[in-house]
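The values are calculated or read from the model by the stated rules, or taken from the named source; none is laboratory data. Being a predicted model, the structure only gives us computed values, none of them experimental. Using ideal geometry, Cβ is built from the backbone for each residue, glycine included, and neighbour counts are taken over all protein chains shown. Side chains are part of the model used for accessible areas, which takes the heavy atoms of the whole protein and leaves out ligands, DNA and RNA. Shrake-Rupley method; radii C 1.70, N 1.55, O 1.52, S 1.80 Å.
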Amino acid sequence: MAGGVHGRAGDIAVSLAVTYIRDRATLALTIALAALLAGCADEGWHGKNITGLMPELEFTLTDENGNAVTEDVFAGRPVAMYFGFTHCPDICPTTLARLAAATRRLPQSVSEDLQLAFVSVDPARDGPEQLDEYTGAFSDRMLGLTGTQKQLQALTRRYRITYGYDEPDANGDYEVSHSSAVFVFDAELEPRLMLLDSLEVPQMVEDLERLLTKP
Amino acid sequence: MKLASAIVALVVLLAGALWWVGQMAPESPIEVENARVRLVPGGGPMAGYMEIRNHSDNVIRLVGAASPAFGNVMIHRTIVRDGRARMQHQSDGVRIVPGDSAVFKPRDLHLMLMQPRRELEVGDQVEIVLQFEDIAPAEWPVAFTVVPVTSQ
């Protein structure tokens, strides 16, 4: 009986201790999370700051006019680059339309230099004509690019992104998986920012304005 | 006095008839709102968005769709995981419980409209027939409005 009481008291003590430890853990976690959030808030970006984390822009691709081009096509001007494919009816147009809308809302001093690029990772279906028609629907300043698998892989690997193809269906249609963020490079073509697909237009505007405003 | 009684009788009769007609007219079991097709140039597939409300007492399921304006229509959902986007065919359809709605919207559920059969323009109306299970009739033609690709 006494043992039972003792045991119960012990149980309570243990349970209190567990609660205490759990509370401490929760508290520690909360503090860590708050610090993390505060860190993010301090940094102030809506997207992800990738300054110094990845190599500068470098590629050889074919543009929407059928010309072979390198990163020099953007030299001296910042560029926002998205990787997708034209047979992507939902997320690609959604992200590209937001990016184009954000660009139009930037102050002219910031926006005049900014270039937009759409890199198709589906060269089998996206020839220059298809790319030209597609990019033109979003913005005059959006350049469509694609290349051979080797060229595309050389570029996507630099930014640690992957893409892939599903098996074609009976109609020969197939799905393509691709990176969902917009990569922003500064005028020196250094990667600076990833605009995640979850960002709304005003958040994109804030990030782009902050990054591209000349001191 | 006789006239007054007649008028009262007539009013009561009319009210009864109206009530009866009201009871007769069934409430539509489903309602589709904001049905739109986002125009993508170049002959590639486009996305159809809408909100389907289930006013019936049954769990219903959207199992497919077809359109005279497109060669093939599928129900897809965009999935983004670890910064990678892909589309997932909803082979079991979309289940809607009574009183609830299914929202087809950008970066989420959408009708994947493939092989456009004619050149579409902003403002055009496109018929898409939604195919349901556990509802009569099973086929619901809906007029979708073609909207610019830049609309959200």
Please compute the contact order of the range B:68-107 in relative form: average sequence separation of alpha-carbon pairs under 8 Å and at least six residues apart, divided by the residue count, as a percent. 31 percent
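Tell me the relative contact order for the range A:116-215 as a rounded percent, counting alpha carbon contacts under 8 Å between residues six or more apart. Walk me through the intermediate numbers first.
On the way: 94 pairs, mean separation 16.8, N = 100.
Across the range A:116-215, relative contact order equals 17 percent.
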Computed over chain B: longest principal axis from alpha-carbon atoms vs helix B:2-24 long axis, angle to nearest 10 degrees, is 20 degrees
accessible surface per residue for the range B:111-152, probe 1.4 Å, DNA/RNA/ligands not counted, whole Å² -> 53 Å²
How about A:Lys214: which aspartates and glutamates have a C-alpha closer than 17 Å to its C-alpha, ignoring those fewer than 8 places off in the same chain? A:Glu112, A:Asp113, A:Asp186, A:Glu188, A:Glu190, A:Glu206
On the first, second and third principal axes, largest extent first, how far apart are the outermost C-alpha atoms of the range A:172-214 in Å? 48, 25, 11
Computed accessible area, B:Trp140, all protein chains, 1.4 angstrom probe, square angstrom: 50 Å²
In order over the range B:99-114: 3J(HN,Hα) from phi, Karplus 6.51/-1.76/1.60, θ = phi - 60°, whole Hz, x for each Gly or Pro, gives x, 9, 9, 9, 9, 9, 8, x, 6, 8, 5, 7, 7, 8, 9, 9
For the range A:46-71 and the range B:73-127, write down the distance between their C-alpha centroids in whole Å. 31 Å
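Among DSSP beta bridges whose residues both lie in the range A:117-215, state the antiparallel percentage, nearest 5. It would help to have the intermediate numbers written out before the result.
On the way: 6 of 9 bridges.
Here the share of antiparallel DSSP bridges comes out near 65 percent.
Under 37 °C and 0.692 mPa s, how fast does the range B:65-116 diffuse according to Stokes-Einstein, given a Kirkwood radius computed over C-alpha pairs? Answer in µm²/s, whole number.
Numbers: Rh = 12.3 Å.
Translational D for this selection: 267 µm²/s.
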Got the relative contact order for the range A:103-150 handy, in percent, Cα pairs under 8 Å and 6 or more residues apart? 42 percent
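Calculate the mean, over all residues of peptide B:109-118, of how many other protein chain Cβ atoms lie within 10 angstrom of the residue's Cβ.
Per residue, the average neighbour count from other chains is 2.
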Shielding of B:78-84 by other chains, given as the mean Cβ count within 10 Å, works out to 6
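Need one value for B:41-51: mean number of C-beta atoms belonging to other chains within 10 Å of its residues' C-beta atoms. Write out the running numbers ahead of the final one.
Working: counts 9, 13, 4, 12, 6, 3, 7, 2, 1, 0, 0.
Across the residues of B:41-51, the mean count of other-chain Cβ atoms within 10 Å is 5.
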A:Asp166 paired with B:Arg95, simple spin-label distance in nm, labels 7 Å along Cα-to-beta-carbon: 2.1 nm
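To the nearest hundred square angstrom, how large is the accessible surface buried between A and B, total for both chains, probe 1.4 angstrom? Write down the numbers at each step before the final one.
Values: alone 12010 and 9580 Å², together 19240 Å².
Buried area between the two chains comes out at roughly 2400 Å².
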Solvent-accessible ranking of B:Thr150, A:Thr95, largest area first, probe 1.4 Å: B:Thr150, A:Thr95
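Roughly how compact is chain B, stated as its Cα Rg over 2.2 N^0.38 Å to two decimals? Working shown, then result.
Details: Rg = 21.6 Å, N = 152, 2.2 N^0.38 = 14.8 Å.
For chain B, the normalised Cα radius of gyration comes out at 1.46.
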Calculate log10 I(q)/I(0) of the range A:73-215 for q = 0.10, 0.14, 0.16 Å⁻¹, where I(q) comes from the Debye formula with a single equal point scatterer on each Cα and nothing for solvent. -0.32, -0.63, -0.82
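How charged is the neighbourhood of A:Pro202? Take every other residue with its Cβ under 13 Å from the Cβ of A:Pro202, and add Lys/Arg as +1 and Asp/Glu as -1. Before the final figure, lay out the partial values.
Numbers: positive: A:Arg98, A:Arg104, A:Arg105, A:Arg210; negative: A:Glu200, A:Glu206, A:Asp207, A:Glu209.
Net of charged neighbours comes to 0.
Sorted by mean Cβ packing within 10 Å, highest first, what order do the peptides B:45-54, B:115-124 take? Spell out each step's value before the answer.
On the way: B:45-54: 22.5, B:115-124: 12.8.
Top to bottom by mean Cβ count within 10 Å: B:45-54, B:115-124.
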